[in-house]
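What follows is a single structure, written as structure tokens, with notes after it.
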Amino acid sequence: MSSKVSENATKANPGNHTKQPSSQTLQDDRFLMFARSARNFQTFVSFLMPISIFGASIFSIILGQMTDPKDISDTPIFSLATVRAMLALAWLCFVLVLGIGGLSLGFLLTHEENSQGALKPEIMRNLRKLGLAAVVLLYSLTIGGFMLMAIALAAYVQVVAFIAVSCTAIAGIVAMVVCFYQWQ
């Protein structure tokens, strides 16, 4: 019965033949997908750069005069040394985002230019996995930097700090879900 239906469909529409795409068409499609992913990665990194520059600007705060938390509260959560250490770690996270983002973007652009549209499928898969790993690392460092800043704030203004920690945790969860979805 199904062969009779397909015969009738072919008679009704003789141009309805399923063509297998050529290997060149598949290669072109894969490269276009790779190029689109590369553009998305470039956009992502260019979005993170100003955020990281903002985060890295806390360096002067670390070195400058800071109010001791015990001058503000009778029972501070953290000492001044702990606050400085957390801010220093946050600064390090943001500086690492700048470095890793720049290096991975440079690596991607160099590889893309050298390939001139002739990347093998397994190389494109490997580059995609490397790109996703870089995205996870960049997300983690950015969220980690904001989390450290928010926790350090708890030594001074606890309510605002706990709101910031909650928002940062939610952003981290959303970022990891997005990364997991892209990995699929």
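Values in this text are rule-based calculations from the coordinates and carry no lab data. The shown structure was predicted, so the numbers you read here are calculated from the model rather than taken from an experiment. No Cβ is skipped: glycine too gets one built from the backbone with ideal geometry, and neighbour counts run over all protein chains shown.
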- Between L109 and V160, the FRET efficiency computed from the C-beta separation at R0 = 30 Å comes out, to the nearest 0.05, as 0.15
- Classified through the alpha carbon gyration tensor (a ≥ b ≥ c as square roots of its eigenvalues; rounded if a/c is under 1.5, else prolate when a/b is larger than b/c, else oblate), region 42-114 comes out prolate
- Task: State the volume of the convex hull built on the alpha-carbon positions of region 58-164, expressed per residue in Å³ and rounded to an integer.
- Result: 98
- Contour minus Cα-Cα span, R125 to R84, at 0.36 nm per residue, comes to 10.5 nm
